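One structure is given here, and the rest of the page talks about it.
The values are calculated or read from the model by the stated rules, or taken from the named source; none is laboratory data. Note that the structure is a prediction, hence the values are computed from the model and not measured. With ideal geometry, Cβ positions are generated from the backbone for all residues, glycine too; neighbour counts draw on all protein chains shown. The accessibility values were calculated without ligands, DNA or RNA, using every heavy atom of the protein model including side chains. Shrake-Rupley method; radii C 1.70, N 1.55, O 1.52, S 1.80 Å.
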Amino acid sequence: MKSALIILSIFSSVVVFGQSKNVNFVMVLAASKNLQTTVFGTKDSATLEKLFAKKLTYGHSGGKVETREEAIHGIANNKSIYSDTSLKAYDIRFINKDVAVVRYEMRETETKAGAAPAPLNLGILLVWVKEKGQWKLTGRQAVKLAN
Amino acid sequence: MRLLVTISLLFLGCTLFAQDTAALKTAVTHLNEALVSKDQKALDQLLNNKLSYGHSNAWIQTKKEVFDDMNSGKLIYTKIENSSVTLVDAEKQYASVRAVTNVDAVLNGNPLQIKLHVYQFWIKTKKGWELLARQAVKL
């Protein structure tokens, strides 16, 4: 009877641990997709305030770096229209259950105000950390893809 | 008396924090040196096992690939010099660093010289500071 209880408790903790890993994966992927559709779609600053950690360093593919406030302002006032906000070829890694590193590609067409549409293909690195049980973005760096 | 204890603890906290950021700055410099000198022991210590090391052409190496490509001669660094290093965010367990770096290297037998902006994300483990993610862009 005791051995059955021990086996059951080990099994339960494995299942629970497995579930919490899956939950974190789902949460980080959802947050990354939400970030993508906000930055390149709705540009809603209230959403960005919720997604960004207390400290954020936000890097663009040309080397420009923005603080948390500068990034929110820049995104909200961006006049460009983007064709496709989906995440492609994503990879998510977890460290210590409270740090997640996400990489993905975005391939879309950007139409700047008063200009013809042009391809925009970027590799994106996101670093998420857990603050008060929520995943928040603390680092971002984009790099140009070849084609 | 309580005020004295509080001040002492704050001072101790600041000292420990200062030691941590000093250790991080050392790790940042040490990584560049280890890549050029091919110090595998140092690199094994400085690079987290879940590392993703992104180059300015969007090529990404895992930790294993960093070692394999170094040993096979695919990617050789002859110079890595930071002209500026900024600790943009330092918490107890992780930190973001940004640097402007000049790199001389030989990639697939072709020499190259490149000026980069580099973003590094470091985490603090029991062994010390480890690089978890890196992304460079061409300047």
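What the table shows:
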item: Antiparallel DSSP beta bridges within the protein assembly as shown, as percent of all bridges there, nearest 5; result: 90 percent
item: Accessible surface of chain A [probe 1.4 Å, protein heavy atoms]: carbon and sulfur percent; result: 60 percent
item: Average accessible area per residue (Å²) across segment B:97-139 - probe 1.4 Å, nucleic acids and ligands excluded; result: 41 Å²
item: Cβ-placed point charges (K, R +1; D, E -1), dipole of segment B:6-139 about Cα centre in debye, nearest 20; result: 140 debye
item: Interface burial for A against B (accessible surface, 1.4 Å probe, total of both chains, Å², rounded to 100); result: 2000 Å²
item: Chain B: angle of helix B:2-37 to the longest principal axis, Cα-based, in degrees nearest 10; result: 10 degrees
item: Set of aspartates and glutamates with alpha-carbon distance to B:Lys74 below 19 Å, sequence-local pairs under 8 removed; result: B:Glu33, B:Asp39, B:Asp44, B:Glu65, B:Asp104
item: Residues of type lysines that A:Lys54 reaches as a straight line, Cα spacing below 16 Å, ignoring anything fewer than 8 places off in the same chain; result: A:Lys130, A:Lys132, A:Lys136, B:Lys92
item: Normalised per residue, the volume of the convex hull around the Cα set of segment B:21-139 (Å³); result: 90 Å³
item: Apportionment of accessible area to carbon and sulfur, chain B, percent (1.4 Å); result: 58 percent
item: Heavy-atom accessible area per residue - segment A:1-87, 1.4 Å, Å²; result: 59 Å²
item: MRE, 222 nm, helices only [DSSP H, n ≥ 4, -39500 (n - 2.57), over chain A, to nearest 500]; result: -12000 deg cm²/dmol
item: Dipole of segment A:1-117 [Lys/Arg +1, Asp/Glu -1 at C-beta], most positive-end residue of A:Ala53, A:Ala76, A:Thr38; result: A:Ala53
